[in-house]
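Asks: After the structure tokens below, expect a handful of questions from me.
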Amino acid sequence: MTEKDGNWHINFGTEGEYFVGDFQIQPHASLRYKSEDFNTQYYGLNAEKVDAGVDAFVGVRASYHVISNLYLLGAANVQILDNAAYDAAVIDNRVQTEYYLGFGFFNDKDKPRKTELSNKRYFRISHGWGTPSNLGDILGGDIEDDPYNSQITTLFYGHPLTDELFGLPLDIYLTPGFGWHWSHENQASSQEYILAIKAYYTISWPFDWRLGVAEGMSYTSKINSLEKEEFDRKGYEPNNFLNYLDFSIDVNLGSMFNARSMDGVWLGYAIHHRSAIFEKSSQYGRIKGGSNYNTVYLQFDF
């Protein structure tokens with residue numbers, strides 16, 4: 001393998017997989033041969049020459065099926081540096097350790113996998129208007145107009161992942177999206193790229209309508225004026241890469257008007273939200289702030 005600067009390394013490894021009751025255990029071990037250039041850059045920081053060498057890695061990954069789609073995840077890994085890397089001036093320890101513990105959502109191993117899902121793929125097109133109001137104010141109905149009338153047009157594709165979670169009828173989608181921020185006197189036009197997980201809960205009274213929420217990542221080619229003004233006011237350096245949230249409510253037009261030809265068409269409202277998670281996330285620059293757009297959309301199942 002090689003990286004962008006051409007420094008190469010070779011990995012040799014093996015791993016196993018064992019099932020014990022509700023546990024899945026995956027021990028693994030590998031050797032990594034690193035070139036002199038690789039060691040010099042990453043362990044000598046290009047300040048001293050570090051000869052080629054071989055690292056060793058051993059570890060174990062494990063998961064425990066708690067209930068339904070919920071799994072507990074964990075891992076422990078050990079890296080043992082070669083003599084050349086260990087002798088580098090900036091390296092203090094030969095042994096590096098890594099641990100993690102978390103949870104994840106996967107198919108329920110106690111149920112047979114479905115051959116077909118009830119939820120369909122979709123395309124969603126929307127248009128929205130920016131607001132300086134924060135997310136809490138918007139949800140409370142206190143929406144301030146943007147003096148520059150910032151606007152965004154988005155297109156999303158929804159790929160169904162499952163039609164239930166924890167036994168509840170939740171439609172879960174992987175949804176990549178593209179947004180176009182329109183230019184005005186305080187900003188040039190720009191593009192936004194989104195990848196998120198979207199969940200819908202359908203209520204069938206008095207007609208079919210849904211509540212939805214999505215969480216993911218968003219990258220913009222340029223910082224929009226709403227974010228620039230807020231970050232400047234708070235003294236933060238803006239970040240193109242931010243967390244993405246979407247809150248939506250929509251109605252099925254076919255169900256509302258008793259028109260079967262429109263069964264796969266949804267009319268809705270959504271909040272398009274970008275933020276940095278209140279200074280808690282290093283990948284978003286540990287900043288606080290973002291932007292919000294109130295959008296209306298049409299969604300087409302197919």
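The values are calculated or read from the model by the stated rules, or taken from the named source; none is laboratory data. It should be emphasised that the depicted structure is a prediction, and the values quoted were computed from it without experimental measurement. Positions of Cβ are backbone-derived with ideal geometry, glycine not excepted, and every protein chain shown enters the neighbour counts.
Asks: Residue by residue through the range 71-108, note down the ones that are within 14 Å of D55 (Cβ to Cβ) and assigned to a strand (DSSP E or B).
Replies: N77, V78, Q79, I80, V95, Q96, T97, E98
Asks: Are any of the residues in the range 49-57 more than 20 Å from M1 (Cβ to Cβ), part of a loop (DSSP other than H, G, I, E, B) and not acidic (D, E)? I'd like the intermediate steps shown before the answer.
Replies: Of the residues in the range 49-57, the ones more than 20 Å from M1 (Cβ to Cβ) are 49.
Those still in the list that are part of a loop (DSSP other than H, G, I, E, B) too: 49.
Imposing the further condition that a residue be not acidic (D, E) reduces the set to 49.
Checked the range 49-57: at least one residue is more than 20 Å from M1 (Cβ to Cβ), part of a loop (DSSP other than H, G, I, E, B) and not acidic (D, E).
Asks: Something else about it: State whether the residues of the range 157-173 include one that is under 26 Å from D263 (Cβ atoms), modelled with pLDDT of 95 or more, within 22 Å of the chain's Cα centre (by Cα) and part of a loop (DSSP other than H, G, I, E, B).
Replies: Scanning the range 157-173, I find no residue that is under 26 Å from D263 (Cβ atoms), modelled with pLDDT of 95 or more, within 22 Å of the chain's Cα centre (by Cα) and part of a loop (DSSP other than H, G, I, E, B), so the answer is no.
Asks: Could you give me the residue pairs with C-beta distances under 8 Å whose first residue belongs to the range 121-132 and is in contact (Cβ under 8 Å) with a residue 12 or more places away in the chain and more than 11 Å from W266 (Cβ to Cβ), whose second residue is part of a strand (DSSP E or B) and of a type in the set (D, E) wherever it lies, and which are 6+ apart or on separate chains?
Replies: R121/D301
Asks: From the list L117, L139, which residue is surrounded by 11 or more Cβ atoms within 10 Å (Cβ to Cβ), within 30 Å of V66 (Cα to Cα) and out of contact with any Gly (no Cβ under 7 Å at 6 or more places or on another chain)?
Replies: Sole residue among the options that is surrounded by 11 or more Cβ atoms within 10 Å (Cβ to Cβ), within 30 Å of V66 (Cα to Cα) and out of contact with any Gly (no Cβ under 7 Å at 6 or more places or on another chain): L117.
Asks: Look through E229, E215, E192 and report the one residue that is part of a strand (DSSP E or B), under 17 Å from N292 (Cβ atoms), out of contact with any His (no Cβ under 7 Å at 6 or more places or on another chain) and not aromatic (F, W, Y).
Replies: Answer to the check: E215.
Rundown of residues vs (1) of a type outside the set (S, T, Y); (2) within 24 Å of the chain's Cα centre (by Cα); (3) over 30 Å from F257 (Cβ atoms), yes/no style:
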position	(1), (2), (3)
G177	yes, yes, no
E185	yes, no, yes
S190	no, yes, yes
I203	yes, no, no
S221	no, yes, yes
E230	yes, yes, yes
N239	yes, yes, yes
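Asks: Moving to a separate point now. Of (1) under 30 Å from the mean Cα position of the chain (by Cα); (2) closer than 30 Å to N107 by Cα, D5 satisfies all except one. Which?
Replies: (2)
Asks: Let me ask another. Scan (1) at pLDDT below 95; (2) over 18 Å from V213 (Cα atoms); (3) under 20 Å from the mean Cα position of the chain (by Cα) for the single condition K111 breaks and write down its number.
Replies: The failed condition is (3).
Asks: Let me ask something else about it. Is at least one residue of the range 92-109 β-branched (V, I, T), touching a residue at least 24 places away in the same chain (Cβ under 8 Å) and in the same structural domain as L45 (by TED's automatic domain parsing)?
Replies: no
Asks: Another one. Residues to consider are N243, N239; find the one that is out of contact with any strand residue (DSSP E or B) (no Cβ under 7 Å at 6 or more places or on another chain) and within 18 Å of S275 (Cα to Cα).
Replies: Going through N243, N239 in turn, just one is out of contact with any strand residue (DSSP E or B) (no Cβ under 7 Å at 6 or more places or on another chain) and within 18 Å of S275 (Cα to Cα): N239.
Asks: Within the set of pairs 6 or more residues apart or between chains, which connect a residue that is touching a residue at least 12 places away in the same chain (Cβ under 8 Å) and in the same structural domain as P206 (by TED's automatic domain parsing) inside the range 249-264 to a residue that is β-branched (V, I, T) and in a strand (DSSP E or B) with Cβ atoms less than 6 Å apart?
Replies: Listed pairs, sorted by first residue: L253/V265.
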